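Only the coordinates and a few stated rules stand behind these numbers; no lab work does. Every value quoted in this text rests on a predicted model; they were computed, and no experiment measured them. FYI the Cβ positions are ideal-geometry reconstructions off the backbone, even for glycines, and counts take in every protein chain you see.
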Amino acid sequence: MPSRRSPISPETMNADVAARLDEAADLLRDQDANPFRVQAYRHAAQTVRSLQESVGDLFHREGLEGLERLPTIGSGIARAIRTMVLSGYFPMLERLRDAGDPARVLETVPGVGRRLAQRLHDELGVETLEQLEVASHDGSLGDLAGFGEKKVRGIQEALAGRLGRRRAAPTTPAGEPGVQELLDVDREYREKAAAGRLRLITPRRFNPQRSAWLPIMHTQRGDRHYTVLFSNTAQAHRLGRTKDWVVLYHDGRDGEQQCTVVTASRGPLRGRRVVRGREAECEGAPALSHRIA
């Protein structure tokens, strides 16, 4: 199995990328994802494995468009291959393996290794790159031992490059889901979880008994695929929100996106489900009454 963070060597590029796509297909199948989505990853793996040149050389020569022109390679898988070529990292696969460990996302930032990523999550409650960016500017990151001024500045520069386009975009960028769609996916997940209709997986974190307790759902809205889980983070456990906070991952125009839906505890939306960071949009969305205590 390819290592989690190691770069992919040019000599084994196609074999490694294909192996990761095949593993994603296996995990999606085991987690009751749409069979057509499973087959898409399986066929993409076969295409990459049969290429006469390195998929990395193809990307560097023809860009994302060159990957999308390959048979059986859709835009979402093409973006995943691009990420693997550039970083040796496949975020969706890591999440399927680890049941949504947010520290895995944080440690993809230059200057943040596994140990620091875990401290960021456990001590500051940072779960996303956007939250890490806020922490780098509000002083909380600088107050954490191990983050000197030079390291903080480097993290700010790295995040500016990765998040700049999303930060400057409108509230709901073209092609991205509106809050009503996100809330409907949240509703579907919580209803199926409450009814015991979802596959349970065994998270590695905060699970000393190694029990299968975390429901996972793969669903679709139009051409957009979602993977959905309850939040299995230190903060969710500490606040007793592991059956309330729902994390949605979906394929977006700029790669995989993530958002969290919670029950608002204050303000005009109190008691309603809201998408964190998009509360203003949620005020105009019809309230969805289903709620899990």
Taking the Cβ-Cβ separation of Gln209 and Arg238 as r and a Förster radius of 22 Å, what is the calculated FRET efficiency to the nearest 0.05? 0.75
Arg153 paired with Ser265, simple spin-label distance in nm, labels 7 Å along Cα-to-beta-carbon: 3.8 nm
Filtered hits (lysines, Cα-Cα < 20 Å from Lys192, offset >= 8 within chain) -> Lys243
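Rounded, prolate or oblate, given the Cα gyration tensor of segment 199-266, with a/c below 1.5 counting as rounded?
Oblate, because a/c is 1.5 or more while a/b does not exceed b/c.
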